[in-house]
Amino acid sequence: MRQRVTVVAGVLALIGLVFALNFYQLPVVALSPGPMEDVLARLKVEGRPVYGSEGKLYLTSVGIDDNVRFYEALLDMANRDVQLVPRGRLYPEDQDSERIDEENAQLMDRSKEAATVVALREVGYDIEPYGVRITQVVSGAPADGKLKAGDEILTADGRAVGSTEEVRKAITSHKPGERVDFRVKRDKDERTVSVEVQEVENESRVGILLRDLFPDLPVKVTIETENNIGGPSAGLMFTLSIIDKLTREDLTGGRRIAGTGAIDLDGSVLPVGSVDEKLIAVHRLGVTTFLIPADNCDEVRGQVPDGVRLVKVAKLDDALRFLRDPKAAATAPGC
């Protein structure tokens, strides 16, 4: 009798453990190939004639599951297309997932704005920023508690600044331990704030994220993406799609081309994360050409699906040269 009770208790304990594990959230995030969207089909332009294209220009994305349970993790580990990474890599401990999602949405909006500015410059418009706004102050950084998101920076060390590049130059002209004096506009008031410079990744910083402010643009561009896609990584494909819409030349040449990369206002194509997952999605859709930031090449070597050709781009001109010139396309550098 005593043995039977022991067995029953053990079975109940095992059932309880299995039940508990089913609800235990692991400190990991599952990354998987995300949806692809033809940006040309999502573009609306007002204020200038637009032109059609025979092919497609796809943005790529990554699916993120931030609520991974124990048994889901077992299935994910058996799936070669899914990566489990520490949760802290995507979601810092002091920020919840809703805050990160909100920031990614803001990054997407800024990416669309930057892409529009770069594209309009490429087709002949003269567009320059008129000011700089702080979008985020890094927690624990020297600027924390002194500067605030929403502050407009008027001067740095007594000199008027009109772009993020000018603010960065003012900060990096100082050595760690020195101070930068900012004149900022907060709501309707102006004030001077002195912030100490610290060294982060071998560069002088104060812990602020900046955004260039532009006047009303001469052409209104709207890009309606779906699937809750966020972040800056579609910037290159946004830029190429806008240029394609605004010019008679069909950049696609009837091809289906995918890509990734953040776009800087100077036309540089910046690296992004999880490119290997994006390549899986590209291969599944049967797309054979993928534009990749030059600085992402090292991380995808040995992970490129058969039949997918990588075209390395460090700046917008590299991508345009590939799209416009058949000879350049034939010899465009890969990774």
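The values are calculated or read from the model by the stated rules, or taken from the named source; none is laboratory data. Please read all numbers here as calculations on a predicted model, not as lab measurements. Note that we place each Cβ from the backbone using ideal geometry, even for glycine, and neighbour counts take in every protein chain shown.
Brief remarks on what is shown
- Output for the range 245-262, where each listed residue is assigned to a loop (DSSP other than H, G, I, E, B) and touching a helix residue (DSSP H, G or I) at 6+ places or on another chain (Cβ under 8 Å): GLU249, ASP250, LEU251, THR252, GLY253, THR260, GLY261
- Restricting the range 32-54 to residues that are crowded, with 17+ Cβ neighbours inside 10 Å and among the small types (Gly, Ala, Ser), the residue that is nearest to the chain's Cα centre (by Cα): GLY34
- Some residue of the range 142-150 being in contact with a Leu (Cβ under 9 Å, 6 or more places away or on another chain) and either in a loop (DSSP other than H, G, I, E, B) or assigned by TED's automatic domain parsing to the domain that holds VAL45 (or both): yes
- Check on ALA41, at pLDDT 75 or above, in a helix (DSSP H, G or I) and more than 23 Å from LEU209 (Cβ to Cβ): yes
- None of ARG99, ARG80, ARG121 is at pLDDT 95 or above and either more than 20 Å from the chain's Cα centre (by Cα) or loosely packed, with under 13 Cβ neighbours inside 10 Å (or both) except ARG121.
- Residue ID - farthest from the chain's Cα centre (by Cα), chosen from residues in the range 300-335 that are surrounded by fewer than 15 Cβ atoms within 10 Å (Cβ to Cβ) and among the acidic types (Asp, Glu): ASP325
- Sole exception among (1) modelled with pLDDT of 95 or more; (2) at positive phi for VAL193, by number: (2)
- Lone qualifier among ILE242, ILE280 - being in contact with a helix residue (DSSP H, G or I) (Cβ under 7 Å, 6 or more places away or on another chain) and closer than 20 Å to ASP38 by Cβ: ILE242
- Residue check, GLY307 more than 30 Å from PRO86 (Cα to Cα), assigned to a loop (DSSP other than H, G, I, E, B), small (Gly, Ala, Ser) and modelled with pLDDT under 95: yes
- Residue ID - nearest to ILE208 (Cα to Cα), chosen from residues in the range 156-190 that are assigned to a loop (DSSP other than H, G, I, E, B) and small (Gly, Ala, Ser): SER163
- Positions within the range 267-294 being part of a loop (DSSP other than H, G, I, E, B) and among the aromatic types (Phe, Trp, Tyr), in sequence order: none
- Selection status of CYS297, farther than 18 Å from SER241 by Cα, in a helix (DSSP H, G or I) and touching a residue at least 24 places away in the same chain (Cβ under 8 Å): yes
- Where GLU226 falls short, out of the listed (1) in a loop (DSSP other than H, G, I, E, B); (2) buried (at least 17 other Cβ atoms within 10 Å of the Cβ): (2)
- Considering the range 196-223, and only residues there that are over 26 Å from TYR130 (Cα atoms) and either part of a loop (DSSP other than H, G, I, E, B) or in the same structural domain as TYR58 (by TED's automatic domain parsing) (or both), the residue that is modelled with the highest pLDDT turns out to be ASN202.
- Being out of contact with any Pro (no Cβ under 9 Å at 6 or more places or on another chain) and over 18 Å from ALA314 (Cβ atoms) is not true of ASP298.
- Selection status of GLU249, surrounded by fewer than 15 Cβ atoms within 10 Å (Cβ to Cβ) and at pLDDT below 95: yes
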